[in-house]
Structures are given as C-alpha cells and as structure tokens.
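Values in this text are rule-based calculations from the coordinates and carry no lab data. In this text, all values refer to a predicted model and were calculated from it rather than measured experimentally. No Cβ is skipped: glycine too gets one built from the backbone with ideal geometry, and neighbour counts run over all protein chains shown.
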Amino acid sequence: MSDTRQTTRYTEYHPRWYRSRVSTWWWLTRWPYLKFILREISSVFVAWFVMVLLLQIRALSRGPQAYAQFERWLQHPAVVLLNLIALFFVVFHAVTWFNLAPRAIAIRFRGKRVPDLWIVGTNYAAWAVISLVVAWFLVRS
Amino acid sequence: MAKQSNEPVIWALFSAGGVVAAFVIPVHLFLLGLAFPLGWIPAPRYEYLLALVRLPLTRLYLFALCFLAVFHWAHRFRYTLYDGLQIKHLNELIFFCCYGGAIFGTVLAGYLLWNFR
C-alpha cells in the first residue's frame, strides 16, 4: 500500500474558483442592502448612548457643579445634532427589531400559530408602555 | 474533540441587548439628548436624579442596560466590519476590539454604579 502511495501521484481535478470580487461599497447598490447596513450601524449609536449615560452618572456622583457642566455640554449644538442622528438610528433599530420579532418568536396558542401582526402589535404596545414608565420616572421632579 | 463555540453566548447577549436597546433607549435618548437640553420638557433637578440613582434598583437597571447594550453593539459592529467593509483578514483584531470594548464598557459601568454614593 505504502509503495503505491509513493509512486502514484494524483493530480486532482480542481476547477478554478469562480468568485467575482465584490466591491467594498456593495451595500450602496440597492436600497434593501443600504437599509441592512444602516440597521447595523445603529449599533454605533447604541454605544454612543451608553457613553452619554455613563458620563451623566459620573457627573451626578461628582456633585452639582459637575452635573451643571454636563448639562451645558448636552446643550452644545454639535452634541444636540449627534443626539438627533442617534435618535433616528435607535428608532430605526427599534422598528426593524419589532418587525422582525415574529420571525424570532413563534408562539402557539391552542395548536395554532399566533398571527405575526399580534406579535408585532404586542411589541409596539409594550414599547409605548415602557417608554411612558421611563418618562414618568424622569419627567417628574 | 469538537471545539466549543462561544458564538451562542455572544449571540444571546446581542439579542438581549437588542431587546433592551429597542424598548428603552429611544425614550432615554429623546429625553436626555433632546427634550431636556432644548427645554421642551423641564429637566429633572440634580437632587432628584441623585436620589433616584442612589436606589439600588435603579443602579441595577442602569447596569443591565449598559452591559447588554454594549454587547449588542460589539456583536453587530463586528459583523458590520466583516460583511460591510469585508475586512475579514483583520478578524482577530476586530474580535478583540469589539468584545474588549464591550467588556471595558461593562466594567466601567459597574465601577461607576457600584461606587455611586
């Protein structure tokens, strides 16, 4: 066995891969692709929000003066603009997330699958309720 | 022996973070980033916020929010770089920067909230 292995050499038939080079900007060519990338980029603004929140917590713990300074920083036009863009992206994330929810959760009730619209609707209703609760804690003082 | 993948854990964190980000970040960002600074709604007073964040439950909520949101970012951003920019040859660097950043954010949040007086 080992002898033949040494003497015979196989040239495997291996066709060349056909792989056309995809442009780095492939996601600009069609709207659904662009939407996909925009949705993915929303994560950057999620991280931005966490950073702002941590800055707020740090300012709070450092005293009234530090907090007033933090509030002034929030009023800077560039920061307001960035927060506006960030809000657009996180809302985009929320909407795409809720609309995908029926694909991720298949709930059965009495042997039948709960319609997609119900799951999406429940998510939006919960979103409204949770937003009101958060706002209730932050707005009163 | 098959190598155990940590992908399910990371994906679960991404998913949980996505839920948190979708449900609570828009309202937080709207109030903190726009409505309060622009004076549409009167901003909460310092003393009130201080008392609120001093409650352990609030801090637990804030920690969970930060922790899950940063891991959500890490996972999604990692794949944006892989697929969007096709920089797969930097796989390891991207992996460590993304999850390293997430761990850093989590530790920072934990540190700030744990030591909040």
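The table below gives the values:
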quantity	calculated
Other protein chain Cβ atoms within 10 Å, averaged over every residue that makes up B:29-41	6
Centroid-to-centroid separation of the range B:1-65 and the range A:29-51 [C-alpha atoms, Å]	18 Å
Inter-chain Cβ neighbour average for residues A:134-140, partner chain, 10 Å	6
Within-13-Å neighbourhood charge of residue A:95 [Cβ basis; K, R +1; D, E -1]	+2
Residue-averaged 222 nm ellipticity for chain A, from DSSP H runs of 4+ at -39500 (n - 2.57), nearest 500	-25000 deg cm²/dmol
Label-point separation in nm, residue A:58 to residue A:122, each point 7 Å along Cα→Cβ	4.1 nm
Rg/Rg_ref, the protein assembly as shown, where Rg_ref = 2.2 N^0.38 Å and atoms are Cα	1.30
Residue mean of other protein chain beta carbons inside 10 Å, B:66-74	4
Normalised convex hull volume, the range B:56-117, alpha-carbon set, Å³ per residue	53 Å³
Principal-axis tilt of helix B:7-29 within chain B, Cα atoms, nearest 10 degrees	30 degrees
Square roots of five times the Cα gyration tensor eigenvalues for the range A:14-104, Å	39, 16, 13
Phi-based couplings in Hz for the range B:76-90 (Karplus 6.51, -1.76, 1.60; Gly and Pro marked x)	5, 5, 4, 6, 5, 5, 4, 8, x, 9, 6, 9, 5, 5, 9
Chain B, relative contact order [Cα under 8 Å, separation at least 6], %	33 percent
Environment charge of residue A:63, counting only residues whose C-beta is closer than 12 Å and scoring Lys/Arg +1, Asp/Glu -1	+2
